[in-house]
1. Looking at (1) more than 17 Å from His184 (Cβ to Cβ); (2) in a helix (DSSP H, G or I); (3) out of contact with any strand residue (DSSP E or B) (no Cβ under 7 Å at 6 or more places or on another chain), can you tell me which one Ala107 breaks?
2. Being of a type in the set (D, E, K, R), surrounded by 12 or more Cβ atoms within 10 Å (Cβ to Cβ), over 58 Å from the mean Cα position of the chain (by Cα) and farther than 23 Å from Arg178 by Cβ narrows it down to one residue among Asp73, Asp68, Asp57; which is it?
3. Of everything in the range 248-284 that's within 60 Å of the chain's Cα centre (by Cα) and of a type in the set (Gly, Ala, Ser), which residue is modelled with the lowest pLDDT?
4. Restricting attention to the range 294-349, which residues are assigned to a strand (DSSP E or B) and without any contact (Cβ under 8 Å) to a residue 24 or more places away in the chain?
5. How many residues, within the range 110-128, are surrounded by 14 or more Cβ atoms within 10 Å (Cβ to Cβ) and assigned to a helix (DSSP H, G or I)?
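The values are calculated or read from the model by the stated rules, or taken from the named source; none is laboratory data. Keep in mind that what you see is a predicted model, and the values were worked out from it rather than measured. Cβ placement follows ideal geometry from the backbone for every residue including glycine, while neighbour counts extend to all protein chains displayed.
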Amino acid sequence: MRLITTISDFLAWWFDELSGMFPTLAKRFTKPAQAKLLVGTEGSTFPVFLEKADQEDGFGADTLENLDAFLSDAFDRKRGSLEILLGRGHFIERKLADIRLPVSRAAMMVDVDINANTPFNAKDVFVAFPEQGPRRSGTSYFIFRKKDLQRLLQTIRFAGLEVTSIGVENGETGTRLRQRDLKHMTGATYADRTAKWMGIAIVAVLAVGIVGTWYLDVRRLGEAERILTTRVEDARSQAGRIRVQYDARMQLLDQMASIRKEKNLTNSAVYLWEQLSRTLPDDSWLTDMKIADGVLTVSGYSQSAASLISLIEDADGFSNPEFKSAVVKAPNVDAERFTLQAFIDGQHP
């Protein structure tokens, strides 16, 4: 309820601002009246004076019967319209605040003000606010006694005329009442009720359309999400299969590389063994040979181990030979025990 009140206050303020910013445009949407009815200024309803827009002379009436007869003759019942101007004796102006109040807050303050500060009963009076424009400051309202206006307004309605506006003598130009208060005072016509229900119907159709659109969007979004989830799961399964195949292929490549490396090492070891067999003298023999990271390490016996360094250095495929440990005399053998290492050309970094 508070949200609806806030929206209503905002719309009322917004329309007031628009009417002040575009006064010419606002007048185009206001139906011009064919005549103006001036209600006496002495505090009583009569005499009244009628001025038609297409006539220079006006007409005065002292009773409702005279006014009804004149209105029936002077206007087309289907198109007649007039505006009413009330003299000072027919209303009381009350000021609520020096600032512009929201519509809902002003209505609440009016109820309190009438009950607390006036001798009137709220059900015996009409309450109306002036048209609020952006230049108007403060918040005030007018009080009208129903018995002074109801019979006059009923006579106008029975004559088939539409009251386009009600104003009060307040300064040189007068002040018009707010349109929503005008409908409350004159009563809603068949056209007003039709327009109201049409507005409600349009809002209802728009609401149904918005809800229907939202439902379709949610449904389509759910369907799209379901399809996308299915595709993601399929893609994830396919990616898993591809990953398994990739891992298997990489493992196979690693095995092939290892086999190739072992093959190269085997070929290299055979070649190196052959080279060493050609290089070493007959009084030398090997007991162990190891190849790692491009380095050849051999162990064995020789009657002259010191001569092996120069022989291996001059041989093809070796460089920088040196003893890895001290050369020692082997027991029970007429030879020296040695361990020698050398770089293999093309394999050592």
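1. (1)
2. Going through Asp73, Asp68, Asp57 in turn, the sole match is Asp68.
3. Ala257
4. Looking only at the range 294-349, we keep the residues that are assigned to a strand (DSSP E or B), and these are 295-302, 318-323, 328-329, 336-344.
Those that are assigned to a strand (DSSP E or B) and without any contact (Cβ under 8 Å) to a residue 24 or more places away in the chain: Asn320, Pro321, Glu322, Phe323, Val328, Lys329.
5. Count: 3.
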